[in-house]
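Report on the following structure.
The values are calculated or read from the model by the stated rules, or taken from the named source; none is laboratory data. Remember, predicted model here, so these are calculated numbers, not experimental data. Heads up, the Cβs are rebuilt from the backbone with ideal geometry, glycines too, and the neighbour counts pull from every protein chain shown. Accessible surface areas use protein heavy atoms only, side chains included; no ligands, DNA or RNA. Shrake-Rupley method; radii C 1.70, N 1.55, O 1.52, S 1.80 Å.
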Amino acid sequence: MNGDEQPYQRPDRLSSVPDVAPPADAETLLRAVARGDEAAFTRLYELVAPRVYGLARRVVRDPAQAEEVAQEALVEVWRTASRFDPARGSATAWVFTITHRRAVDRVRSEQAALDRVQRMAPEATQTPADEVVEQATARLQRQQVRRCIKTLTDLQREAITLAYYGGYTYQQVAQLLGAGLPTVKTRMRDGLIRLRDCLGVEVSA
Amino acid sequence: MSEIHSLAGPYVLHALDESERETFIQHLRGCETCAAEVAELNETVARLADDAWSVPPPALRDNVLAAVRRTRQIPPARPVRVRREPTRWWRHPAALTTAACLLVAALVGGATWTVQEQRLRDERATAQAAQQELARTQAVLTAQDATVRTSDVAGGGKVTVVASPSQDAAVILLATHSPGAQKAYQFWLMEGTTPHSAGVLAAGQGTATHLVSGVNAADAMGLTVEPAGGSASPTLPIIAEIPMK
Ligand SMILES: [Zn+2]
């Protein structure tokens with residue numbers, strides 16, 4: 001430290017980190033959305049859209065279809081917001097569950113067509129130039145998830161990621177991994193339990 | 001007993017087929033242990049979305065907000081109320097004006113309803129057209145004689161053309177960056193040296209699944225960047241070209 005340090009002065013405003021917007025709480029926003037508040041929906045969009053789109057993209061792979069799935073899911077969030085029940089889980093979990101379900105439905109209905117295209121043109125649907133700047137918080141969350149995924153056994157990890165990001169049923173996962181059905185469903189469950197403990201996930205009921 | 005509990009994992013991962021899913025939902029209604037576990041695992045699984053973070057295309061925001069503006073929300077599920085005795089409004093003179101208001105409201109409501117019906121019909125027609133396009137796209141992608149050709153796009157990204165001679169159609173899968181807000185990607189079918197437009201994407205759109213008919217005479221498919229709305233003839237350079245023969 002240098003010698004001519006200024007005496008401590010009380011900051012004018014309490015928000016001392018200018019780059020970070022006040023954290024919007026998804027649950028508060030979702031409750032407002034349920035009352036038809038479009039402005040709240042726009043803020044909720046900003047909060048969840050990168051993960052909604054990213055998840056859709058990861059599961060369905062084709063960018064155009066991912067965009068459709070993301071749109072369907074986000075409109076469903078708007079349409080059914082009044083059915084969100086905070087006693088059963090967080091607002092973000094509710095949104096990503098809707099998204100994942102939509103993405104998986106899309107993959108299963110288009111599986112045959114997609115399989116064919118992807119088998120023949122493996123890079124055709126891969127990520128183009130959108131590896132853009134990430135928000136610091138998003139990177140942090142991502143790191144935490146990755147760190148926790150690393151604590152799983154190989155079979156747990158593969159079973160979970162194939163099902164979640166690949167959109168496969170556990171029977172398909174068993175086939176892909178050459179493992180038995182009971183093993184795969186058990187590994188999914190105990191892998192998720194380990195992940196839960198690592199992430200410190202709780203449901204405040 | 002323990003057999004069905006183990007479905008909690010695949011259930012929250014959406015990895016059950018429909019029949020097993022139904023079975024497990026039935027089970028959840030009566031098993032508190034599973035219900036509590038599912039709630040926690042659901043929360044855990046949702047965190048996996050953190051690792052999928054990706055910048056959404058700018059058009060998504062506009063499209064979603066526009067769709068929201070025309071989408072009606074479902075009302076909250078209300079507990080069933082005990083029905084009250086109807087009040088006899090004709091005994092209260094003040095209630096008469098209310099009744100007149102209600103009548104007007106009912107008439108206006110009828111008009112609104114008619115408009116909504118029309119809009120519903122329009123939406124259904126649009127949805128049908130989209131369904132047909134989707135069906136045709138799938139038919140091309142799964143055709144026995146489908147050929148797949150991929151090319152890099154100058155400046156980054158890929159374009160893939162799946163063509164089926166028996167259907168005289170092709171599906172173009174474009175995955176590249178946005179051409180800029182005021183510009184649009186346009187596809188061209190080249191017959192010899194003569195280009196025919198095979199469709200223009202929306203301004204700013206960089207990813208698409210695009211169906212093109214009447215491709216059998218074409219020698220090649222080309223991609224250019226044009227002003228929003230497209231051009232009558234291609235603006236050079238051609239940033240991707242795929243032979244069709
Ligand atoms: Zn149970």
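Just need a number here: residues in the range B:20-55 that are more than 16 Å from the ligand (Cβ to nearest atom) and either in a helix (DSSP H, G or I) or open to solvent by 30 Å² or more (accessible area, probe 1.4 Å) (or both). Break it down into steps so the answer makes sense when it comes.
Going through the range B:20-55, the residues more than 16 Å from the ligand (Cβ to nearest atom) turn out to be B:43-55.
With either in a helix (DSSP H, G or I) or open to solvent by 30 Å² or more (accessible area, probe 1.4 Å) (or both) added as a condition, the list becomes B:43-53, B:55.
Residues meeting the conditions: 12.
Inside the range B:6-19, can you point out the residues that are more than 8 Å from chain A (Cβ to nearest Cβ) and within 14 Å of the ligand (Cβ to nearest atom)?
B:TYR11
Do we find a residue being assigned to a strand (DSSP E or B) and over 28 Å from A:VAL60 (Cβ atoms) anywhere in the range B:211-221?
Filtering the range B:211-221 for residues assigned to a strand (DSSP E or B) gives B:211-213, B:220-221.
Right, trim to over 28 Å from A:VAL60 (Cβ atoms) and you get B:220.
Yes, the range B:211-221 contains at least one residue that is assigned to a strand (DSSP E or B) and over 28 Å from A:VAL60 (Cβ atoms).
Filter the range A:78-98 down to residues that are touching a residue at least 24 places away in the same chain (Cβ under 8 Å) and more than 7 Å from chain B (Cβ to nearest Cβ), then give me how many there are.
Number of matching residues: 7.
Return the residues of the range A:156-189 that are under 24 Å from B:ALA35 (Cβ atoms), crowded, with 17+ Cβ neighbours inside 10 Å and more than 7 Å from chain B (Cβ to nearest Cβ); say none if nothing qualifies.
A:GLN156, A:ALA159, A:VAL184, A:ARG187
Taking only the range B:7-29 into account, find how many residues are modelled with pLDDT under 95 and touching a Pro at 6+ places or on another chain (Cβ under 6 Å).
0
Read through the list (1) within 30 Å of B:SER19 (Cα to Cα); (2) within 20 Å of the chain's Cα centre (by Cα); (3) of a type in the set (A, V, I, L, M), then give the number of the only condition that A:LEU181 fails.
The single condition A:LEU181 does not satisfy is (2).
Can you name the condition, by its number, that B:SER178 falls short on among (1) part of a strand (DSSP E or B); (2) at pLDDT below 80; (3) open to solvent by less than 60 Å² (accessible area, probe 1.4 Å)?
Result: B:SER178 fails condition (1) only.
Of everything in the range A:23-44, what is more than 9 Å from chain B (Cβ to nearest Cβ) and β-branched (Val, Ile, Thr)? Give them in sequence order.
A:THR28
Hey, can you tell me all the residues within the range B:151-170 that are farther than 17 Å from B:ALA218 by Cβ and assigned to a strand (DSSP E or B)?
Listed by number, the residues that qualify are B:ASP152, B:LYS158.
Of all residues in the range B:1-19, which are open to solvent by 10 Å² or more (accessible area, probe 1.4 Å), part of a helix (DSSP H, G or I) and within 17 Å of A:ASP105 (Cβ to Cβ)?
If the condition is that a residue be open to solvent by 10 Å² or more (accessible area, probe 1.4 Å), part of a helix (DSSP H, G or I) and within 17 Å of A:ASP105 (Cβ to Cβ), then B:TYR11, B:GLU18, B:SER19 are the ones that fit.
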